[in-house]
Amino acid sequence: LQYYEMSYGLNIEMHKQAEIVKRLNGICAQVLPYLSQEHQQQVLGAIERAKQVTAPELNSIIRQQLQAHQLSQLQALALPLTPLPVGLQPPSLPAVSAGTGLLSLSALGSQAHLSKED
């Protein structure tokens, strides 16, 4: 039963991510004509590179997310138990969801790949 629940959840997440990708592609197609020729070529190249995400890149992203999640857990344990002075907030890291779907990891890999190239 647990396997089916997990499988169903992953299937829903993949469909959700596919819909997001479809909508973002539509936005890119609408915006592209307004860019200069040079920027159009850069965007098209970046989109093609994003489509070429590899399994090792995905594994690297998963590893980074797990490390960030573990680090945030350790930092939460290491926070002082004494109250902070009024107006100060404890440091925080961006939350990493354990339920992140494979396609969203692919999107993250594409973003990381794009940021390295730009």
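Can you run down the residue pairs with Cβ atoms below 6 Å, 6 or more apart or on separate chains, where the first is in segment 11-26 and in contact (Cβ under 8 Å) with a residue 12 or more places away in the chain and the partner is assigned to a helix (DSSP H, G or I)?
Sorted first by the residue in segment 11-26, then by its partner, the pairs are Met14/Leu103; Gln17/Leu103; Gln17/Ser104.
Against the conditions (1) out of contact with any Leu (no Cβ under 8 Å at 6 or more places or on another chain); (2) surrounded by 12 or more Cβ atoms within 10 Å (Cβ to Cβ); (3) of a type in the set (Asp, Glu), where does Glu48 fall short? Just the number, please.
Here Glu48 meets the rest and fails (2).
Quick one: which helices (runs of 4 or more DSSP H) sit completely within segment 1-95 and have at least 1 residues that are at pLDDT 90 or above and among the aromatic types (Phe, Trp, Tyr)?
2-31
The values are calculated or read from the model by the stated rules, or taken from the named source; none is laboratory data. Worth saying up front: this structure is predicted, and the values here are computed from it rather than measured. Every residue, glycine among them, receives a Cβ derived from its backbone with ideal geometry; neighbour counts consider all protein chains shown.
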